[in-house]
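Written out below as structure tokens is the structure these notes cover.
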């Protein structure tokens, strides 16, 4: 019974070999084509340069009163954010009130000093008049008695001493007046500087766009203040902010890039300057090109529960379209390897016999095992560098033994010794199959 089954199977193989059309072997017609190995990845459009607007140097009580809508296009110089600072405005009003008081005190001091100086100057003039009268009396001094002469002399000395005292007092009063006016003038100048700084801070509450672009609201970590209110999160109108906190971004849309995340297995195959085809479906299927400019060493898990790590790869954009906005999704095809006008063979058609790679080339009703050498390859395709011309028909599966030609065709660069080893290996494999069928 076993032999009967064997003969039936053997006869079926003979019939298959005689009728090529009924062969169960799937074939593939070779032709010269381009070898292309790619990696597909999803990315996000980014601006290379971002103008970040932060809160000015106002240390407390800041709140967003007005904010341009996210995604709105603005021109350079447009007001895009207005901050409210009640504490700053109260301080500004208080400084102005103090300045008015200082200026009033200065005016009062100048008036008092002018009056005192006028009185002293009048006393000096009176003393000068008395001195002139005393000089007239001195003419009669030689005709007067000795006692009278003594009195007139003393009177003249008294007037001179009084004049010296008044002149010193007047000079001292002028120095005092100048010093007091200088002091209050310095205080007024300091107060004006404070007001000017306060005014500068108030002006900084009105923030304008530094360039043309699209508005993007910043987002910062949220935390609670001592009063129980929250600061941070997505910046919107009414948000409480603090000094040097990012508020808005105005990306420079003249130069864009794409950030993609790739798994570790693909990351190792990616190198700088590799070409990339970029497609943005949301902008009328916009297509452009770019290249790899940077690979990030920082890794992160795609999912908190997953151990698969992903890496960031930055892709430059050769030509930027006006419709490319930061945040849009982009489909990127990274060209890992490319060979023009070559022989590309499906990996399923390559077999290894005695450490030699072969393909089965169809000739008439048989398949001839042909040794080959391969170049670059991936999981689905390989480039054949030697052994084939590119116009053959090859098997995508290993043919039955009866359909394999016993005469092995040698490759151009392979020795006949290698070919005979392949033939012996094929015969051994076929005999093993026959023995299994007998059993």
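Of note:
- Single condition residue 101 does not satisfy, out of (1) within 30 Å of residue 325 (Cβ to Cβ); (2) free of Cβ contacts under 8 Å to residues at least 12 places away in the same chain: (1)
- Options 316, 385, 377: the member that is touching a strand residue (DSSP E or B) at 6+ places or on another chain (Cβ under 6 Å), closer than 27 Å to residue 39 by Cα, crowded, with 16+ Cβ neighbours inside 10 Å and outside the structural domain of residue 213 (by TED's automatic domain parsing): 316
- Residue check for residue 270: in contact with a strand residue (DSSP E or B) (Cβ under 9 Å, 6 or more places away or on another chain), at pLDDT 90 or above and farther than 23 Å from residue 53 by Cα: yes
- The range 263-276, subset free of Cβ contacts under 8 Å to residues at least 60 places away in the same chain and crowded, with 16+ Cβ neighbours inside 10 Å, residue farthest from residue 45 (Cα to Cα): 267
- Near pairs, Cβ below 6 angstrom, 6+ apart or cross-chain, from the range 312-335 (free of Cβ contacts under 8 Å to residues at least 60 places away in the same chain) to any residue that is outside any strand (DSSP E or B) and surrounded by 16 or more Cβ atoms within 10 Å (Cβ to Cβ): 323/283
- Exclusive hit being more than 30 Å from residue 186 (Cα to Cα), loosely packed, with under 14 Cβ neighbours inside 10 Å and under 50 Å from the mean Cα position of the chain (by Cα), set 79, 126: 79
- Pairing residues of the range 139-168 that are outside any helix (DSSP H, G or I) with residues that are at pLDDT 70 or above, at Cβ distances under 9 Å and at least 6 apart in sequence or on separate chains, gives 144/151.
The values are calculated or read from the model by the stated rules, or taken from the named source; none is laboratory data. Predicted model only: the values in this text are computed from it and were never measured. Don't worry about glycine lacking a Cβ; one is built from the backbone with ideal geometry, like all the others, and counts go over all protein chains shown.
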